[in-house]
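The values are calculated or read from the model by the stated rules, or taken from the named source; none is laboratory data. Keep in mind it's a predicted model, so treat the numbers as computed, not measured. Methodologically, a virtual Cβ is constructed for each residue, glycine included, from the backbone with ideal geometry; neighbour enumeration extends over all protein chains shown.
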């Protein structure tokens, strides 16, 4: 006998614009653009920030990308250990006792961080960032909770240090793979708790034109399945490079396990994050005359997915607009309207569950299967798929 289910929608809304200190700071593909980095704040980042970075080969994409950017554009983007000659201070491979967030195990990095910060020689360090290599692909939900709890402990014990969270690199398993579920777990936590996130995975899921490849099983080398036959037959980065001009639209760098363009995007996102951490309020449009406000919005994959009895849908808006969020079944029939109102820039999430519909909407039978959620915000429209399993 079939059960009758109801939908409940719980709006968890934060109306403050991105850039306020208590809000999440998310470096993802929408900000991985060179013209979004304000010149006047680059010097501020060089003056204010002292960064310690722990990583292995995949994480080195930030460094090789930044190094290539400096070679291309000059000393404005200079960095070195110690911040000499007016450069940004980055202590690369800073930590002893762990290589990255999963090597030699999933906890040693936290001890290594404490030992590093407790050393008086590092009293000036005010930003700590660690990357994953491939360990998110095999992580369980419990493993990621361990990571999040250790990060939270560090934040509590070192309140003068900004800790940057990280997602794991693409592995070719697409939107349904364990990697994506675990990355969504990290994103959801950061959005819900006002954390700083360098969304490594999201940055390499899109080309500079905003075309999406995670749903085409893209991997860390930027290979993807163009025709859905299971073969990774094209490479979005090399295709984009071949259709654009070297040293005008992109620059060469040796991005480990990947392509130069991916290293470019990682560098742009890193410098955007550095100026944000130095105090730049991107939501206010404060930047140089060559910068343009971010016009894109970000709609994240719901988490958990598949779900039962509820799931969370999260998104970021960086301009005010009329926003609607609707749920549809596979026939295209509208199931529910979760949001339909004018909103300021901000970080939002909605919990979609199997209980009661919003007031005035009809009761219906919700069965297992595929559903779609669609966000419209100004001129931005995006649809994503979610799965209910009962």
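Considering only residues that are more than 19 Å from residue 163 (Cβ to Cβ) and surrounded by 13 or more Cβ atoms within 10 Å (Cβ to Cβ), which ones fall in the range 75-102? Those that are more than 19 Å from residue 163 (Cβ to Cβ) and surrounded by 13 or more Cβ atoms within 10 Å (Cβ to Cβ): 76, 77, 78, 79, 80, 81, 83, 87. Taken together, the residues in the range 72-120 that are in contact (Cβ under 8 Å) with a residue 60 or more places away in the chain and in a loop (DSSP other than H, G, I, E, B) amount to 1.
Rundown of residues vs (1) at pLDDT 95 or above; (2) within 24 Å of the chain's Cα centre (by Cα); (3) assigned by TED's automatic domain parsing to the domain that holds residue 155; (4) within 18 Å of residue 197 (Cα to Cα), yes/no style:
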site	(1), (2), (3), (4)
104	yes, no, yes, no
107	yes, yes, yes, no
110	yes, yes, yes, yes
124	yes, no, yes, no
138	yes, yes, yes, no
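The set of residues in the range 317-344 that are more than 14 Å from residue 380 (Cα to Cα), in contact (Cβ under 8 Å) with a residue 24 or more places away in the chain and not in a strand (DSSP E or B) comprises 330, 344.
Is there a residue in the range 177-190 that is in contact with a helix residue (DSSP H, G or I) (Cβ under 9 Å, 6 or more places away or on another chain) and loosely packed, with under 15 Cβ neighbours inside 10 Å? The answer is no; no qualifying residue exists. Suppose the filter is at pLDDT 95 or above and either closer than 28 Å to residue 126 by Cα or surrounded by fewer than 22 Cβ atoms within 10 Å (Cβ to Cβ) (or both); does residue 254 pass it? Answer is yes for this residue. Only residues that are assigned to a helix (DSSP H, G or I) and closer than 20 Å to residue 137 by Cα were counted in the range 249-265, giving 1. When the residues of the range 193-207 are filtered to those that are out of contact with any strand residue (DSSP E or B) (no Cβ under 6 Å at 6 or more places or on another chain) and in a helix (DSSP H, G or I), the one that is modelled with the lowest pLDDT is 193. Among the conditions (1) closer than 21 Å to residue 69 by Cβ; (2) more than 19 Å from the chain's Cα centre (by Cα), residue 227 misses just one, which is (1). Against the conditions (1) assigned to a helix (DSSP H, G or I); (2) in contact (Cβ under 8 Å) with a residue 60 or more places away in the chain; (3) under 21 Å from the mean Cα position of the chain (by Cα), residue 151 satisfies every one except (2). Filtering the range 222-248 to residues that are surrounded by fewer than 18 Cβ atoms within 10 Å (Cβ to Cβ), free of Cβ contacts under 8 Å to residues at least 24 places away in the same chain and assigned to a loop (DSSP other than H, G, I, E, B) leaves 226, 227, 228, 229, 230, 231, 233, 243, 244, 245, 248. Within the set 193, 183, the sole residue that is assigned by TED's automatic domain parsing to the domain that holds residue 267, under 21 Å from residue 311 (Cα atoms) and within 10 Å of the chain's Cα centre (by Cα) turns out to be 183.
Is the range 124-140 home to any residue that is surrounded by fewer than 19 Cβ atoms within 10 Å (Cβ to Cβ) and assigned to a helix (DSSP H, G or I)? No, the range 124-140 has no match at all.
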